[in-house]
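Some notes on the structure that comes next.
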Ligand SMILES: [Zn+2]
């Protein structure tokens, strides 16, 4: 019997990445890195010229020192976005990117933070779909 894998649920994947980053920090992990950009595959299309068009959800972790004496502290922030990229050789407009203007905190509900990226991913998927329909750039073969 053949088995066709289906993509994992994106929101669940992103929420898990956020939770594991938070857990790492709370455990005082030696290798915890506060500034990390996580990419999660969110789509893959074949363009008219057979090049690949990929979609990724982005979750960026960062810290910002907040001056609010006497309780000044590092705020652990999360920004979300989505990118799409056409890998066609010579494609004239291969990039799409959409970022959320605001940010969330690592303490916030991970499901809600993950969910806020979904409309951006949807926009990137729509761009990828329509780009794929008309792009005739071919994949680079190295020859
Ligand atoms: Zn293209």
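Considering only residues that are near the ligand (Cβ under 10 Å from one of its atoms) and surrounded by fewer than 16 Cβ atoms within 10 Å (Cβ to Cβ), look in the range 90-110 and name the one that is farthest from residue 79 (Cα to Cα). Ranking the candidates gives 90 first. Looking at 76, 131, just one residue is buried (at least 17 other Cβ atoms within 10 Å of the Cβ) and within 12 Å of the ligand (Cβ to nearest atom), and that residue is 131. Can you find even one residue in the range 49-70 that is surrounded by fewer than 16 Cβ atoms within 10 Å (Cβ to Cβ) and within 16 Å of the ligand (Cβ to nearest atom)? Yes, some residue in the range 49-70 is surrounded by fewer than 16 Cβ atoms within 10 Å (Cβ to Cβ) and within 16 Å of the ligand (Cβ to nearest atom). When we screen 8, 34 for residues that are farther than 30 Å from residue 141 by Cβ, touching a helix residue (DSSP H, G or I) at 6+ places or on another chain (Cβ under 9 Å) and assigned to a loop (DSSP other than H, G, I, E, B), the only hit is 34. If you go through the range 14-34 and keep only what is within 24 Å of residue 118 (Cβ to Cβ) and exposed (fewer than 11 other Cβ atoms within 10 Å of the Cβ), you end up with nothing.
Each reported figure results from applying straightforward, stated rules to the coordinates on display, with no laboratory input. Treat the numbers as computed from the prediction; the structure is a model and nothing was measured. Cβ sites come from the backbone with ideal geometry, for glycine too, and all protein chains shown count toward neighbours.
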